[in-house]
Amino acid sequence: HISDLLLTNYWAITGCKYCGCSNLTNIVIPKSVTTIGEGAFSDCISLSNVILPDYLTEIKDGTFQNCKKLTNITFPNNITLIGATAFSDCINIRQIYIPEKVRMIGNSAFYNCSNLNRIYCAPINPPIAGTSVWEFQALIGSRHIYVPTTSIDAYKGADGWTEYVDWITGYDFW
């Protein structure tokens, strides 16, 4: 019946280490962690707050899948990979900021995040995007994907982004 988790002395969190911890509400991941493994916190249905470390570079497949109470996620600037289904079914996330160094967003990474309506994607070059990254079973409100103004055409023409051209809008990040 863990509700708060403060990890220490880790460099990676592997596998389904804490998946299904239904009472877990808060996680502080130590600065030493650079990778969070597949499904590590999936199905933590009460999880509402996660503090990710600055040196984190990869969030693997399904890491926070089905964390229905998660409302906010702040990606550190060093993140390069957001894995497939990493945040799928996190129905209460409303906005995200994808930092400049992100190079890949996996299939269905934000699938069925039905309240996600503001996506700020800072990379100048569109990250490789898998299929159904931003698919929603129920559309609640309008959607906007904000990209660097100078990169609008690149995003609208990039694989994985073309199906969302109506949502893509220029934004001055700097």
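The values are calculated or read from the model by the stated rules, or taken from the named source; none is laboratory data. Owing to the predicted nature of the structure, the values given are computational and were not obtained by experimental measurement. Here the Cβ positions follow ideal geometry from the backbone for every residue, glycine too, while neighbour counts run over all protein chains shown. Please note that ligands, DNA and RNA were not included when accessible areas were found on the heavy atoms of the full protein model with its side chains. Shrake-Rupley method; radii C 1.70, N 1.55, O 1.52, S 1.80 Å.
Residues whose amide H comes within less than 5 Å of that of ILE98, counting only those at least five positions distant or on another chain, are TYR120, CYS121, ALA122 (H built at 1.01 Å from N in the peptide plane).
Distance between Cα centroids, the stretch 93-126 to the stretch 33-48: provide it in whole Å. Each part's Cα centre sits 17 Å from the other's.
Averaged over its residues, the chain has an accessible area of 47 Å² per residue, based on protein heavy atoms and a 1.4 Å probe. Each other residue within a Cβ distance under 15 Å of SER114 adds +1 if Lys or Arg and -1 if Asp or Glu, for a net charge of +3.
Judged by a Cβ-Cβ distance under 4.7 Å, the unpaired cysteines of the chain are CYS21, CYS44, CYS67, CYS90, CYS113, CYS121. Ordering ASP166, ASP89, ASP4, ASP43 by accessible surface, largest first, gives ASP166, ASP4, ASP43, ASP89; the 1.4 Å probe counts only protein heavy atoms, with every chain in place.
Rounded to whole numbers, the Karplus 3J(HN,Hα) couplings from phi for the stretch 145-162 are 10, 8, 10, x, 3, 6, 10, 3, 5, 4, 5, 5, x, 7, 4, x, 10, 4 Hz, using 6.51 cos²θ - 1.76 cosθ + 1.60 with θ = phi - 60°, and x at Gly and Pro.
Largest GNM mean-square fluctuation across THR14, THR85, THR150, computed for the chain with C-alpha springs under 10 Å, falls on THR150. Assuming a ≥ b ≥ c are the square roots of the Cα gyration tensor eigenvalues, decide whether the stretch 1-138 counts as rounded (a/c under 1.5), prolate (otherwise, with a/b larger than b/c) or oblate. The shape class here is oblate. Sequence-ordered 3J(HN,Hα) estimates for the stretch 119-128 from the Karplus curve with 6.51, -1.76 and 1.60 and θ = phi - 60° stand at 10, 9, 10, 7, x, 4, 8, x, x, 4 Hz, glycine and proline given as x.
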